[in-house]
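Engineer: Once you've had a glance at the structure underneath, I'll fire off some questions.
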Amino acid sequence: MSGGGHLLPPEWLPRLERLSLDAKRRVAGTLQGKRRSRRLGSSLEFADYRVYAPGDDVRRFDWGVYSRTGKAFVRQFMDEQELTVSLFVDCSASMGAVMSSSSEPSAADPAGTKESPKWLLARQLAASIGYMALSSYDRLQIACYSRSINARLPIMRGKGSAHRLFSFLQGAETGGEGSLGAALAVPGALPRQPGMTWVFSDFWLEGGEEELFRALSLLSGTGQEVVLVHVLSREELEPKLTGDLRLVDSETMSGKEVALTGKVLDAYKEELERYRTMLSRVCAERGMSYVLIPADMPLTDAMFGVLAGAGLVTG
Amino acid sequence: MGIQSWLSLWFGLTLPAIVLMYMFKRKYVDTTVPSHLLWERVLRNLEANRPWQKLQNRLLLWLQLLAAALMVFALMQPFLQVSGGGSAHVVIVADTSGSMSAQIQPSAEGEAATRLQWMQERIKEYVKNQGRRSEITLLSVGASPMTLVSHESDRTVIDKAVDGLRPYYGQASYRETLSLASALTREERDAEVVIFTDSYWKQDTAPITFQVPVSVEKVQGELPLNVSIDQFGISPKGETGSSYGAVAVLSTNAKESMSAEVNLYGDEQLLTSKMLELEPGKKSTESFSDLPFAEVYRLELSQDDGYAADNQSFAFGLGHGSSRVLLLTSGNLFLEKALQLSGAEVTRVALDESKDKTAEDNGSADKEAGKGSTAADVPPVPEGEFDLLVIDGDVPEGFKQGKWAELAAKTPLWTIGGEGAKVGNQGGRAVLSKHPVTAYVTLSGVYFGTLVEQAPAWGEPVIKLGDQPIVYAGSENGRPRLSFHFLLQDSDLPLSPEFPVMVSNALEWMTSGKGSGLGRYMAGAQADIPIAADTVAAKWVPTSGLALTGGIPAAEALRNEQGISPVQLVPEYPGLYAFEQQNEAGENLRFWLAVTADPYEANWSNDQGPVVSQAAPNLDESEAGEHAGTSGSNETANRAGSLMPWLAVFALAVIAAEWGVYQRGRSI
């Protein structure tokens, strides 16, 4: 847990253990988990009685009923299965980019290696959701993507894998152009089993709405319950830029000259609002969840305020 | 407000240059943003209307343009006509010289007005607008500068003074008036001088320097047509003086030849009328002959022209052809002959004979009573008017009283010898002063024996023998007097060939004022007027010409301690005047006097405004042209009139604001 100390505060983990992911659908896994499956299985939860047929597990034979009624019944129980939780963390350059002016290099971080709060929060959230999944015996897979899947971990189970999860996230690096649609279209990228998919990203999709449609279609095609976590830094939400600027895209490194005035900033905010509305609408149309979390929001607020408020996390 | 240097407007090209620089300017601060996605969408609209879009919302550009415009404006050396509300004291110089009475072309209303009337309107307008908060001093150009109002702020008084402006036809004191205006404003800080003029000023080489802003307002109008009578004279032609001839010289300022009709009046009776052809730039001489005698002749242009002051001219007929001289002598053939030779009718009264005669008549034995010791000895005054009284030798006592004294008082008097201590000739050469009597005379080699020591108060010595004055000439009560301080018998002067010349000179000089016409004087000049001894009142009465038509009231004559002054200022309006003297008995004695305008005022070929310069460097535009040679106009003006300091302060403020913009790095 050496790396996890950085990403998530240690006292945060017990709180996470008391939480669980609230998947709306019954899940079907291959291994037993804590999730109630649609199928009958071997949990302790009673489901139904069934007339004994030869070959049934004699351990399930209900001797009590047989002694009173003489009829052979077997008790059936609900099958409790694990949930497959897939985490996709956007690690394109935009996630790590800090809005900076070349004319005024940050004194605290002259090399420009200052970590973006957006990237930090995205990983913290991913780690929290992942830990919650692990601690509730769900199957967890995690992947970092930019244009394709950059890195991924094999499917993990149990809290013992938390260390791997944390160190994976700890070591993840940003870079390259990001494209959710392209990354998910790569063979093998999509989760094989239905489950819950979380995408942590700033959703600066070059392809715009079209790309989002495609990505969401791919995910819903595999029976995923998708949660889009939109993480935006404060500068992106309310830019404080002024003067004559050449805006350089962190991913494409192409410049755009603009004389920033109050009018331009107002236009930007208007455009941002429109973009968020679009994301939210697209998700709602597909029965998916969309939340916006500003990067400067404390983790607790994000977890208990936003995610719990959206019904995605229950205590 | 005005601009002194329009040339600097060329610097205005810097303004579009700045705009161009902005349009081609590429200086953006690189700023990393996570994604262009939204910015691109935002800018798509803004970039649609390039490049003018760039110019919008650029405070820095506008500030720089403003600063540059201010600098260009400053280079143009603007100034504010501070007369509008600035100067506390405005000195208005009104040119009221004769040329201001010229008619200018009728205005739109069809009302013909003189330049002076126009100027009055302009001055009133000026006082009402530019000088509404100023104290006004109004100067006009007369024989000497006239201060009509001084430091006046009551508008009605000023308007009244302006309305009271009249043309002055005499020799106008242009330079003196400007000098006074300059002196009035010398010590004042917040004053200015405005000169209203038709700009026909006498050539003046040295400019009058002012310490305060000075401007020239031209009141000129179109050049009017003028026909002027330059000369007009009368001379007797016949032996008996029954026939007279007249000569007139006329000229015009018309561009082409024209004809003018002149009428000649004698004592207001039309004598003759002539049509004259006048060539431009030439003087036309016309003579009239066989004119009857008249006291006053008047030559008049039959039609009006632009300048009325020279449309009439007067001349005076001589009562008779030759001078009449009353000679009181005990017998002096040389003198009598010399007078007769000079054309005088000599009436001789023999002093000795008269004494004998009276003695015989009375049968008195009192022969020892002395010459003229009683009135009874004195012969009666001969009948008729005399132009000159010559007393040769001692004057008998009887001739100093009664009718003789009256005659002596009103007739030019020439005394030879006379009373006084007899002194010997101390030798020495004859020294002659310049005087009509001494013309063509040298007196070299003439011997003088005994002299009479006498120093009359009425005249100056014109001939001295070394230090001893021997001939005095002057005037007493306005009449010429001549006194020889030696008896002709005690000198060999009568034998000299110069004697008749001298007598002729003396006769001519002493009878020049004969007749009732005193001659022709320029307006406002001084004239010696013969004042009768018993005169109690005298006045100038306009009788003809511009003076009469102009409605000039009769003016009282000047007085001094002794009564009516023999030295009078002639009236200022051209025309014919009668100088009427009244004695106690109520009898009137009148002399004619013609007043003419300064001929310079009719000469409008010289359009040369007043030459003024300002000591303070900000030279006014109106005289900048006329006075191109004046240096020092490029120095920084620090007077109230200049806008330069204000512009500099404003430009600095703009630059300061610009600095703020630079520091913040904002567009707006």
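Engineer: Is one or more of the residues making up segment A:236-245 in a helix (DSSP H, G or I) and either buried (at least 16 other Cβ atoms within 10 Å of the Cβ) or within 14 Å of chain B (Cβ to nearest Cβ) (or both)?
Structural biologist: Among the residues of segment A:236-245, at least one is in a helix (DSSP H, G or I) and either buried (at least 16 other Cβ atoms within 10 Å of the Cβ) or within 14 Å of chain B (Cβ to nearest Cβ) (or both), which makes the answer yes.
Engineer: Any residue at all in segment A:85-98 that is among the β-branched types (Val, Ile, Thr), modelled with pLDDT of 80 or more and in contact with a Cys (Cβ under 6 Å, 6 or more places away or on another chain)?
Structural biologist: Yes, because at least one residue in segment A:85-98 is among the β-branched types (Val, Ile, Thr), modelled with pLDDT of 80 or more and in contact with a Cys (Cβ under 6 Å, 6 or more places away or on another chain).
Engineer: Looking only at residues that are of a type outside the set (A, V, I, L, M, F, W, C) and buried (at least 17 other Cβ atoms within 10 Å of the Cβ) in segment B:203-216, which one is farthest from B:His89 (Cα to Cα)?
Structural biologist: Restricting to residues being of a type outside the set (A, V, I, L, M, F, W, C) and buried (at least 17 other Cβ atoms within 10 Å of the Cβ), the top hit is B:Pro207.
Engineer: If you don't mind, there's one more thing I want to ask. Here is a check on your reading of the model: is B:Ile552 part of a loop (DSSP other than H, G, I, E, B), without any contact (Cβ under 8 Å) to a residue 24 or more places away in the chain and among the aliphatic types (A, V, I, L, M)?
Structural biologist: Criteria met by B:Ile552.
Engineer: What are the residue pairs meeting all of these: first residue in segment A:254-276, first residue within 7 Å of another protein chain (Cβ to nearest Cβ) and surrounded by 14 or more Cβ atoms within 10 Å (Cβ to Cβ), second residue assigned to a loop (DSSP other than H, G, I, E, B) and of a type in the set (Gly, Ala, Ser), Cβ atoms under 9 Å, and 6 or more apart or on different chains?
Structural biologist: A:Ala259/B:Ser667; A:Thr261/B:Ser667
Engineer: How many residues are in contact with a Leu (Cβ under 8 Å, 6 or more places away or on another chain) and assigned to a loop (DSSP other than H, G, I, E, B) when one looks only at segment A:219-235?
Structural biologist: Residues meeting the conditions: 1.
Engineer: Are any of the residues in segment B:160-175 of a type outside the set (Asp, Glu) and over 30 Å from B:Thr596 (Cα atoms)?
Structural biologist: Within segment B:160-175, not a single residue is of a type outside the set (Asp, Glu) and over 30 Å from B:Thr596 (Cα atoms).
Engineer: Same structure, new question: Exactly one condition in (1) hydrophobic (A, V, I, L, M, F, W, C); (2) in contact with a Cys (Cβ under 8 Å, 6 or more places away or on another chain); (3) within 8 Å of another protein chain (Cβ to nearest Cβ) is false for A:Val248; which is it?
Structural biologist: Checking A:Val248 against (1) hydrophobic (A, V, I, L, M, F, W, C); (2) in contact with a Cys (Cβ under 8 Å, 6 or more places away or on another chain); (3) within 8 Å of another protein chain (Cβ to nearest Cβ), the one that fails is (2).
Engineer: Check B:Arg155, B:Arg166 and return the single one that is surrounded by fewer than 19 Cβ atoms within 10 Å (Cβ to Cβ), in contact with a helix residue (DSSP H, G or I) (Cβ under 9 Å, 6 or more places away or on another chain) and closer than 19 Å to B:Val219 by Cβ.
Structural biologist: B:Arg166
Engineer: Here's something else I'd like to know. Working carefully through the options A:Ala189, A:Ala183, find the one that is more than 8 Å from every other protein chain (Cβ to nearest Cβ) and touching a Lys or Arg at 6+ places or on another chain (Cβ under 7 Å).
Structural biologist: Every option except A:Ala183 fails the conditions.
Engineer: Please give the strands (runs of 3 or more DSSP E) falling wholly within segment B:449-544 in which 2 or more residues are touching a Phe, Trp or Tyr at 6+ places or on another chain (Cβ under 9 Å).
Structural biologist: Result: B:450-453, B:459-465, B:468-476, B:479-484, B:517-522, B:535-544.
Engineer: Determine which member of the set A:Leu120, A:Leu140, A:Leu134, A:Leu125 is assigned to a strand (DSSP E or B) and of a type in the set (A, V, I, L, M, F, W, C).
Structural biologist: So the residue among A:Leu120, A:Leu140, A:Leu134, A:Leu125 that is assigned to a strand (DSSP E or B) and of a type in the set (A, V, I, L, M, F, W, C) is A:Leu140.
Engineer: Further question: Among A:Gly176, A:Gly171, which is the only one that is of a type outside the set (Lys, Arg), in contact with a helix residue (DSSP H, G or I) (Cβ under 8 Å, 6 or more places away or on another chain) and surrounded by fewer than 17 Cβ atoms within 10 Å (Cβ to Cβ)?
Structural biologist: Sole residue among the options that is of a type outside the set (Lys, Arg), in contact with a helix residue (DSSP H, G or I) (Cβ under 8 Å, 6 or more places away or on another chain) and surrounded by fewer than 17 Cβ atoms within 10 Å (Cβ to Cβ): A:Gly176.
Engineer: Determine whether B:Ser289 is surrounded by fewer than 19 Cβ atoms within 10 Å (Cβ to Cβ) and either in a strand (DSSP E or B) or out of contact with any strand residue (DSSP E or B) (no Cβ under 6 Å at 6 or more places or on another chain) (or both).
Structural biologist: Taking the combined requirement at face value, the residue satisfies it.
Engineer: Looking at segment B:462-475, which of the residues that are in contact (Cβ under 8 Å) with a residue 24 or more places away in the chain and surrounded by fewer than 18 Cβ atoms within 10 Å (Cβ to Cβ) is nearest to B:Lys410 (Cα to Cα)?
Structural biologist: Within segment B:462-475, the match that is nearest to B:Lys410 (Cα to Cα) is B:Lys464.
Engineer: Would you kindly identify the strands (runs of 3 or more DSSP E) lying entirely within segment B:89-187 that contain at least 2 residues that are without any contact (Cβ under 8 Å) to a residue 40 or more places away in the chain and out of contact with any Cys (no Cβ under 9 Å at 6 or more places or on another chain)?
Structural biologist: B:146-152
Engineer: Moving on. A:Leu216 versus (1) closer than 21 Å to A:Ile293 by Cα; (2) within 14 Å of chain B (Cβ to nearest Cβ); (3) not in a strand (DSSP E or B): which is the lone unmet condition?
Structural biologist: For A:Leu216, the failing item is (2).
Engineer: Also, I was wondering about something else. Condition test on B:Ser496, is it over 37 Å from the mean Cα position of the chain (by Cα) and of a type in the set (Gly, Ala, Ser)?
Structural biologist: Judged against the criteria, B:Ser496 is a match.
Engineer: Further question on the same structure: If B:Phe73 satisfies every condition in (1) modelled with pLDDT under 75; (2) more than 14 Å from chain A (Cβ to nearest Cβ) but one, which is the exception?
Structural biologist: (1)
The values are calculated or read from the model by the stated rules, or taken from the named source; none is laboratory data. What you see is a predicted model, and the numbers here were worked out from it, not measured in a lab. Cβ sites come from the backbone with ideal geometry, for glycine too, and all protein chains shown count toward neighbours.
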